[in-house]
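This report refers to the structure that appears directly beneath it.
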Amino acid sequence: MTSRRPGIGMTGFASMEPVSAGDPGPTELAALEQARVILASKKLAVLTGAGLSTDSGIPDYRGPGSAPRKPMTYQEFIASADNRRRYWARNHIGWSHLRHADPNAGHVAVARMERRGLLSGLITQNVDRLHEDAGSTNVVDLHGRFDQVICLANGHTFSRQLLAAILEELNPGFVEAALEAGVVEMAPDADATVEDPELIRSFVVAVCPACGGTLKPDFVYFGENVPKDRVERAYSMVDQADALLVAGSSLTVMSGLRFVRHAAKTGKPVVIINKGATRGDEFAALKLDLGVSGALDFLARELPDLSLEPAPIGNSPG
């Protein structure tokens, strides 16, 4: 029986012992050896995207085989009460599904790299908080975090789990009715496609419990800018590193691609692991078209430990 502990992210609970990523085959092993040679004895900044969380059952927006999706923009969200009703109705269903997701072997591998002194820091484009659930601590949640909501009127943040209870009280039986109506697919930000427009129109939207203002998930929508302090902290992680490792991101949006360009411009090797092409391939010293969690598991095992500092030379105290 797998032991479990309270999660600190959107997951509620996270497995202590995720399913093994498995051993790479001969072709994959040869490619991973190239990555190991490039990254060995280097301090790494790691940038992760939705392709890492697919092994946890969370769909990718742009990976091979992903269905076309059109996420709601920030401008659409704030422009219309009907849009906000549609968003929160679908999100309420998606939350009920995605909050049960667990970190996979890739998330655990990145946390192991951090503990072994290999990382200057971790930048993630994911909002699922699975890195934190796996044990990573020095993390920039570039696009925000799904386990919080924010009031647009007063800036207060609230637990998404608390909001889920409020929405359930306002909309008893809604999730069950939606599942009967037909949920087409979940998305990485816990959106869900619902077939029944009448059901959506029946949904009651919660307001800020403090002031009655408009609530929004505390993550960056399409059409919003990443807060400046997060961007600066992420750039600092790249500057303090000797190389940049990208895992599971197509780098389609500039919020992640800029760090690849910056690393390449400053002469740091970039290794990209992703199923399918990325916008950063031209800047990469090596691009691996491999499963992300298995590749990270290999690197966490094979890269030399940097956590042990050499003994000081000279007089020792006493």
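Summary table below
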| read-out | value |
| --- | --- |
| Looking only at region 241-260, and only at residues there that are in a loop (DSSP other than H, G, I, E, B) and among the polar types (S, T, N, Q), the one that is surrounded by the fewest Cβ atoms within 10 Å (Cβ to Cβ) | T252 |
| Of all residues making up region 135-144, the number that are assigned to a loop (DSSP other than H, G, I, E, B) and either of a type in the set (S, T, Y) or open to solvent by less than 40 Å² (accessible area, probe 1.4 Å) (or both) | 5 |
| Contacts under 9 angstrom Cβ, first residue in region 239-260 being touching a residue at least 40 places away in the same chain (Cβ under 8 Å), partner of a type in the set (D, E) and assigned to a helix (DSSP H, G or I), 6 or more apart | L251/D281 |
| Region 44-79, residues that are farther than 16 Å from G294 by Cα, modelled with pLDDT under 95 and either in a strand (DSSP E or B) or of a type in the set (S, T, N, Q) (or both) | S66, T73, Q75 |
| Candidates N154, N126 - the one that is touching a Ser or Thr at 6+ places or on another chain (Cβ under 7 Å), part of a loop (DSSP other than H, G, I, E, B) and of a type in the set (S, T, N, Q) | N126 |
| N91 vs. criteria closer than 30 Å to G213 by Cα, in contact with a strand residue (DSSP E or B) (Cβ under 9 Å, 6 or more places away or on another chain), open to solvent by 10 Å² or more (accessible area, probe 1.4 Å) and modelled with pLDDT of 85 or more | no |
| Residue list for region 141-157, restricted to those being over 18 Å from I123 (Cβ atoms) and small (G, A, S) | A153, G155 |
| Count - residues of region 99-123 that are in a loop (DSSP other than H, G, I, E, B) and in contact with a helix residue (DSSP H, G or I) (Cβ under 7 Å, 6 or more places away or on another chain) | 4 |
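Listed here are the residues, each with its yes/no results for (1) surrounded by 23 or more Cβ atoms within 10 Å (Cβ to Cβ); (2) on the phi > 0 side of the Ramachandran plot.
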position	(1), (2)
G117	no, yes
L122	yes, no
V127	yes, no
D133	yes, no
F146	yes, no
H156	no, no
S159	no, no
A165	no, no
E168	no, no
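Yes/no matrix, rows are residues, columns are (1) charged (D, E, K, R); (2) assigned to a loop (DSSP other than H, G, I, E, B); (3) surrounded by 14 or more Cβ atoms within 10 Å (Cβ to Cβ):
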position	(1), (2), (3)
E224	yes, yes, yes
A234	no, no, yes
D239	yes, no, no
H262	no, no, yes
G267	no, yes, no
I272	no, no, yes
K275	yes, yes, yes
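The values are calculated or read from the model by the stated rules, or taken from the named source; none is laboratory data. Computed from a predicted model, the values in this text were never measured in an experiment. As a convention, Cβ positions derive from the backbone with ideal geometry for all residues, glycine included, and neighbour counts pool all protein chains shown. Just so you know, the surface numbers come from the protein's heavy atoms only, side chains and all, with ligands and any DNA or RNA stripped out. Shrake-Rupley method; radii C 1.70, N 1.55, O 1.52, S 1.80 Å.
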